[in-house]
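Notes follow once the structure below has been shown.
Coordinate-derived values only; no laboratory data. Predicted model only: the values in this text are computed from it and were never measured. Note that we place each Cβ from the backbone using ideal geometry, even for glycine, and neighbour counts take in every protein chain shown.
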2 protein chains.
Amino acid sequence: MNDAKPRGRPPSTAAREKALAAAHAILMEEGFGRLTVEAVAARSGVGKATLYRNWTNACELAMAALIDGVPLVQAGGETGLKAALTAQMQALVKAFATTRGRQIAMTLAAADPESEMTRAFRNRVILSSREAGRNLILEAARRGEIPPPLDIDTLLDMAYGPVFYRILAGHQPLNAAFAERLAENAVTILTAPRP
Amino acid sequence: MNDAKPRGRPPSTAAREKALAAAHAILMEEGFGRLTVEAVAARSGVGKATLYRNWTNACELAMAALIDGVPLVQAGGETGLKAALTAQMQALVKAFATTRGRQIAMTLAAADPESEMTRAFRNRVILSSREAGRNLILEAARRGEIPPPLDIDTLLDMAYGPVFYRILAGHQPLNAAFAERLAENAVTILTAPRP
DNA sequence: TAATTACGATACGTTTCGTTTCGAAATGAG
DNA sequence: CTCATTTCGAAACGAAACGTATCGTAATTA
């Protein structure tokens, strides 16, 4: 084990938090294009050197800020698959219908696909929101409300993917009615008799 | 009318074509992140001033370079909704499971939503491919194969959205099995009895 | 108290941006 | 043909952001 106490001044969590808060604010107020390391330094009062000590570039700083700032979409307490899934989709749409969804898409597009931070970002923003939906479905199957689902991943893609698709393409609005339709159709797939 | 002949040296279509070809090559070889105006100028031999005369920034240059190569997904000749829709989804996945497809998605994510070029790009990439799917569904309904669909837009989102979602999020592969599942589930929604 | 480590501030050279300037090339008008 | 006009490619420019390095200071352990 390496449990020797470090010797000098400890790294400042306060500095990191100030930096992430400033980065998130810049993302929401001015957008990804304006998120520069220098802007975060100026707004947060944290030195550039410290920023580069903690993150390799502005894009990773953006991902770190979004990881903290993205609400964990987790609706609970509903009874029945359809109600639970509808609540889940409502929460997802509400969380991403703002500028946040667009900034997440831009950040993902700009991120280095190989980067470790990108993997963490995907896990947090994409995969973890899927888990809530996956659990709703598995619980409904355990209750016998639906037959055992065949391909949950594709089903989750069909529920979550359209939200990002509308963010990306902008051909239709993201609203509560849309969320409800997605949940309805997902339930239709899950309850349909299989050949 | 304003059909007076222009007086000086005519704008060079050759320069534009060289620039677009260079931009396209850079996109395919190095990705959207490396597409800078200076890189296009260096590779094409076209002056930066000429590039800025024709496009406002690197992103619009990327859209212009990609828009001509966007695959028009249009599968035809199949009989029955399920076969036709499966062929359509196979074609879509095949077209976008390429380097070009990924760059198209990245460019869409990075584009300024207000820009005129972005509108044209979206029309080409998003709307035109949706029309093929929409027609398949409407024809099936006309044949009486399915009841009149309620909300084709959301259904198309659930078929097409997951493809772009997987490109952007990269959590699962784009392959033929995925395309088939999307088509199957879409047909399930379309044929399900309604309350 | 001394050694160590991170901090904020600041300066630096580099890169990319988008603009501007320049002489050469290409066209229509006279 | 000659001139005016317009675009061309090349190059230089200032501004902005990059990523690095240096500095004196603050915080912590030995």
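Descriptive notes on the structure:
- All other residues whose Cβ lies under 13 angstrom from that of B:Asn135 are scored, Lys and Arg at +1 and Asp and Glu at -1, for a net of +1.
- Partner lysines for B:Lys48 [C-alpha distance under 24 Å; skip if fewer than 8 residues away on the same chain]: B:Lys18
- Between identical copies, the spacing of B:Val37 label points, each set 7 Å from Cα toward the C-beta atom, reads 2.4 nm from nearest to farthest.
- 13 Å beta-carbon shell around B:Ser44, net charge (K/R +1, D/E -1): +2
- Distances from B:Tyr52 to itself in the other copies, using label points 7 Å out along the Cα-Cβ axis, amount to 2.8 nm in increasing order.
- Of the DSSP H helices in chain B, those whose Cα atoms cover at least 18 Å axially and whose Kyte score averages -1.0 or more: B:13-30, B:81-96, B:128-142, B:152-169, B:176-191
- Cβ crowding within 10 Å, taken as a proxy for footprinting-reagent exposure, orders B:Cys59, A:Cys59 from fewest neighbours to most as B:Cys59, A:Cys59.
- Convex hull (Cα only) mean projected area of region A:5-123, reported in nm² to one decimal: 9.7 nm²
- Coarse-grained scattering of the protein assembly as shown at q = 0.11 Å⁻¹, given as base-10 log I(q)/I(0) from a Debye sum over alpha-carbon atoms: -0.87
- Plainly put, the tip 7 Å out from Cα toward Cβ on B:Pro10 is 7.4 nm from that tip on each other copy, the closest given first.
- Measuring r between the beta carbons of B:Ser12 and B:Ser128 and using R0 = 45 Å, the FRET efficiency lands at 0.95.
- Centre-to-centre separation between the Cα atoms of region B:155-195 and those of region A:24-46: 37 Å.
- Relative intensity of region B:1-69 on a log10 scale, I(q)/I(0) at q = 0.15, 0.23, 0.24, 0.26 Å⁻¹, equals -0.47, -0.91, -0.98, -1.12, per a Debye sum over C-alpha point scatterers of equal strength in the absence of solvent.
- Shielding of A:150-157 by partner chains, average beta-carbon count, 10 Å: 6
- Residue exposure sequence - A:Lys5, A:Lys94 - by fewest surrounding Cβ within 10 Å: A:Lys5, A:Lys94
- Kirkwood-Stokes translational diffusion coefficient of region B:41-195, alpha-carbon pairs, 25 °C, 0.890 mPa s, µm²/s: 144 µm²/s
- Exposure proxy ranking, count of Cβ atoms within 10 Å, fewest first, for A:Met117, A:Met158: A:Met117, A:Met158
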